[in-house]
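> Quick one: the structure is below, questions incoming.
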Amino acid sequence: VVPISLSSATRDVVMTNLEAAREQVALPVGLVAQLYVGIPTTTNATPDLMPASQLLSIVAPDIPQDLVRTILPTYLLGVHSYDENQSFLILRVDSYQQAYSGLLAWEPTMPQELAPLFARHPSPRIPSADTASSTPTTTPEFFKTGFVDKVVENHDARVVQNAAGDILLLWTFLDRNTVVITTNEYTLREVIRRIN
């Protein structure tokens with residue numbers, strides 16, 4: 001657990017502290033750590049965990065209020081040691097339909113609002129002869145947000161990919177009350193493994 005105590009609640013301060021904590025996590029590859037976002041108390045006791053709705057309202061000012069209202073207070077913000085430290089967020093919701101429509105409505109601003117904490121920089125790939133000569137196929141998107149539908153680790157997900165097909169950001173439901181937001185399929189696999 002990496003504690004982060006926040007005395008100021010501006011987006012820039014919160015995001016700077018979260019990003020610094022993510023970068024400072026030093027774990028062997030494959031392990032995870034929790035970023036504990038605490039609200040200072042008047043006593044010397046352990047800071048209280050900042051509720052999910054409060055944290056998201058600070059870091060993502062354009063998050064739909066319908067989504068915020070369905071998110072339960074307890075969450076897990078964590079770091080998975082992979083090719084670089086990858087962030088993940090596990091949220092609990094009390095309404096699948098409201099959360100799903102809220103996440104779709106959040107998509108146009110989600111990547112910008114979660115950056116730089118949820119930013120992935122995969123290693124460049126050298127295109128093979130087969131992929132260099134083929135013409136890319138595009139499928140029509142119903143929502144013009146940069147997100148597309150994709151099955152990731154046997155879960156229907158909404159993902160943002162780069163030109164090489166690397167996932168840069170994804171969100172999915174693990175069940176009707178659990179949402180995961182992360183930056184790659186390997187972190188999602190580790191989250192699923194640990195929850196199971």
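The values are calculated or read from the model by the stated rules, or taken from the named source; none is laboratory data. Note that this is a predicted model, so its numbers are computed, not measured. Backbone-built Cβ (ideal geometry, glycine too); neighbour counts: all protein chains shown. Heads up: the accessible areas ignore ligands, DNA and RNA and are worked out on the full protein's heavy atoms, side chains in. Shrake-Rupley method; radii C 1.70, N 1.55, O 1.52, S 1.80 Å.
> So Arg176 fits all but one of (1) touching a helix residue (DSSP H, G or I) at 6+ places or on another chain (Cβ under 7 Å); (2) charged (D, E, K, R); (3) at pLDDT below 95; what number is the exception?
Evaluating Arg176 over (1) touching a helix residue (DSSP H, G or I) at 6+ places or on another chain (Cβ under 7 Å); (2) charged (D, E, K, R); (3) at pLDDT below 95 leaves (3) as the failure.
> Tell me whether the range 121-144 contains one or more residues that are surrounded by 13 or more Cβ atoms within 10 Å (Cβ to Cβ), at pLDDT 90 or above and either charged (D, E, K, R) or assigned to a loop (DSSP other than H, G, I, E, B) (or both).
Scanning the range 121-144 turns up no residue that is surrounded by 13 or more Cβ atoms within 10 Å (Cβ to Cβ), at pLDDT 90 or above and either charged (D, E, K, R) or assigned to a loop (DSSP other than H, G, I, E, B) (or both).
> Within the bounds of the range 16-24, is there any residue that is of a type in the set (D, E, K, R) and open to solvent by less than 50 Å² (accessible area, probe 1.4 Å)?
yes
> Still on this structure, please answer the following. Residues to consider are Thr70, Thr10; find the one that is free of Cβ contacts under 8 Å to residues at least 40 places away in the same chain and β-branched (Val, Ile, Thr).
Thr70
> If you scan the range 31-52, which residues turn out to be in contact with a Ser or Thr (Cβ under 9 Å, 6 or more places away or on another chain) and open to solvent by less than 20 Å² (accessible area, probe 1.4 Å)?
Ala33, Leu35, Val37, Gly38, Ala52, listed by residue number.
> Just to be sure I understand, how many residues within the range 88-109 are β-branched (Val, Ile, Thr) and open to solvent by 30 Å² or more (accessible area, probe 1.4 Å)? Before the answer, list the steps.
Here is the first cut: in the range 88-109, the ones β-branched (Val, Ile, Thr) are 90, 93, 109.
From what is left, the residues that are open to solvent by 30 Å² or more (accessible area, probe 1.4 Å) are 109.
Residues in the range 88-109 being β-branched (Val, Ile, Thr) and open to solvent by 30 Å² or more (accessible area, probe 1.4 Å): 1 in total.
> Given the conditions (1) open to solvent by 40 Å² or more (accessible area, probe 1.4 Å); (2) in contact (Cβ under 8 Å) with a residue 12 or more places away in the chain; (3) not aliphatic (A, V, I, L, M), and given that Asn85 satisfies all but one, which numbered condition is not satisfied?
Condition not satisfied by Asn85: (1).
> Among what's in the range 1-39 and is modelled with pLDDT under 75 and more than 19 Å from the chain's Cα centre (by Cα), pick the residue that is nearest to Ser81 (Cα to Cα).
Ser5
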